[in-house]
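S.K.: Here it is, the structure, as structure tokens.
The values are calculated or read from the model by the stated rules, or taken from the named source; none is laboratory data. Since this is a predicted model, take the numbers as computed values, not measurements. A quick note on method: Cβ atoms are made from the backbone with ideal geometry, for glycine too, and the neighbour counts reach across all protein chains shown.
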Amino acid sequence: MKHDDFSGILQCVRAFCEAEALLTPLAAGKPLHLAAAVSGGADSMALLHLLLALQAESGFVLSVCHVNHGLRGETADRDEAFVREACAELGLPLRVFRPAEVGFTVPPHAGEDWARRLRYACFEQLRQEGIDCIATAHTASDQAETLLFRLARGTGLHGAGGIRPKRPGYCRPLLGLTRAETEAVCTARGQRWVTDETNTGDDYARNRLRHAALPALGSVNEAAEENLARFCEKAARADAYFARQAATLLEEAGQRLPPKLPAGARYVREAGEGVWALEPLQKADPLILETALHSLTAPVRDAEEKYIRLLAALVRRGSGAVQLTGEIRFRAGEGTFWREKTPDACPKNTGFYEPFFPTDGAEYPLPGGQKLKIRVVPAPFEEKIQGVHKKDLKNQADYAKITTLYPALVLRCRQPGDRFHPAGRGVGKELRKWMNEAGIPPRQRAGLPLLAAGSEVLWVHGTGFAAGLAPDTGSTLVLQLELQTMEEVES
């Protein structure tokens, strides 16, 4: 139910905080030290006034933190000055962070992801200095945007649960309010706010959802934002139930290991990495298995739905590997499923680097404005390639050879020690020497996309697959890499 008066909104926030136990002390007799993350926008200024109103009854110690990202020049400094002035008027201690203080440097084209990582690095610094909890100003409007964004990108039940009201060291007291209600709080308290100009354009996907999708849904039902946020609450409760079932499944699978483990699984188990029996995983309810795989993926990378599907397929198949990052992959074999660090981990700052999955229909953006589209073509080979231009035959390989011999593939740029054996040549050689002999311009070499397994290069952009991988009359499936320009993709 929407409120436009301060007392009604305050009661809503009070009830939400009590239901979620957001402002309770960590220990009896010790007040909660709470820092409000304040940017100067309407949401965070409303958070500040609502927490001040709740402070006397809840007994927490309140302070403020502000992060100047260093991205918007004078307007960023304006926002910092605004927050300083507001905190001085309210008598609240303020801590201002800049990137260098937490070891960050501003990259040439910093985006939302970099800014978010900076903010949370600053928040973690506060926690190390004695702050118990950081209160952020996420609202039901943010929740609705997050749900739509994740659904569009592909998500499971965990992702559909959206932003949680709390996690260790963090709380979101305003998740029950819309953005219109936070502005109403500011108006009721006579509080000005600043507007980040990057929120008014459509450069970011979230802004496009905010400016187009949510208003369209609001025209269907004015309570659309609250309904989407309410769905997130239900999804989060369901996810919590499945998470408990998934934890039990992984515990059982970890206790029922085969008497003889594969060499790789033995090694990682001794190193403290996870090892599980495949049989309980294969017999599990698919939803519980997906939740278990999400819990294994989330500490490693953003647990997008495509990675959960790939891991689930690996479990069902019982053999092979899925590379999640440059350092981590999951493997299956001999009745066992395990996580391991790859010996060919990607060095830092090497540019383009993406785990590669030979799945029909998959697409990968490449440096230079092209896109690589994956096709898995069924046999007979001769019939399927009749419509393929001769120059594209070099971008085809025997699917069984690729997936059997090289279970962990990566699309990347060159690295020291790479070797390549081009088709039609008698021997392989160092990639560096081959590039020189092939006449590839030096300015293009560092950014040339490759498909590799460890230091063995299997495909080079513009050259094709390595020797021994071409399909023949005995092939049952053909892996075809189709190169498209971004203009072809968008047309």
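S.K.: Considering the range 400-441 alone, what residues qualify as being of a type in the set (A, V, I, L, M, F, W, C), more than 22 Å from Ile374 (Cβ to Cβ) and either surrounded by 15 or more Cβ atoms within 10 Å (Cβ to Cβ) or under 35 Å from the mean Cα position of the chain (by Cα) (or both)?
M.R.: Residues satisfying the conditions are Leu431, Trp434, Met435, Ile440.
S.K.: Right, next: How many residues are of a type in the set (A, V, I, L, M, F, W, C) and closer than 21 Å to Lys30 by Cβ when one looks only at the range 122-141?
M.R.: Of the residues in that region, 6 qualify.
S.K.: Let me ask something else. If the requirement is being farther than 30 Å from Ala81 by Cα and modelled with pLDDT of 95 or more, which of these qualifies: Glu251, Glu270?
M.R.: Criteria check complete, one pass: Glu251.
S.K.: Of all residues in the range 81-94 being in contact (Cβ under 8 Å) with a residue 24 or more places away in the chain and over 13 Å from Met45 (Cβ atoms), which is surrounded by the most Cβ atoms within 10 Å (Cβ to Cβ)?
M.R.: Leu94
S.K.: While we're looking at this one, here's another question. Please verify whether Tyr267 is assigned to a helix (DSSP H, G or I) and more than 28 Å from the chain's Cα centre (by Cα), treating the condition exactly as stated.
M.R.: yes
S.K.: Please determine whether any residue of the range 236-247 is outside any helix (DSSP H, G or I) and either closer than 15 Å to Glu334 by Cα or more than 23 Å from the chain's Cα centre (by Cα) (or both).
M.R.: For the range 236-247, residues outside any helix (DSSP H, G or I) and either closer than 15 Å to Glu334 by Cα or more than 23 Å from the chain's Cα centre (by Cα) (or both): absent.
S.K.: Turning to a different aspect of this structure: For Leu483, all conditions in the list (1) outside any loop (DSSP other than H, G, I, E, B); (2) under 30 Å from Ser319 (Cβ atoms); (3) within 30 Å of the chain's Cα centre (by Cα) hold save one; what is the number of the exception?
M.R.: (2)
S.K.: Here is a further query. Which pairs have Cβ atoms under 7 Å, sit 6 or more apart or on different chains, and link a residue in the range 306-318 that is free of Cβ contacts under 8 Å to residues at least 40 places away in the same chain to one that is charged (D, E, K, R) and part of a helix (DSSP H, G or I)?
M.R.: Ala312/Glu290
S.K.: Return yes when His49 is part of a loop (DSSP other than H, G, I, E, B) and in the same structural domain as Glu181 (by TED's automatic domain parsing) and no when it is not.
M.R.: The answer is no for His49.
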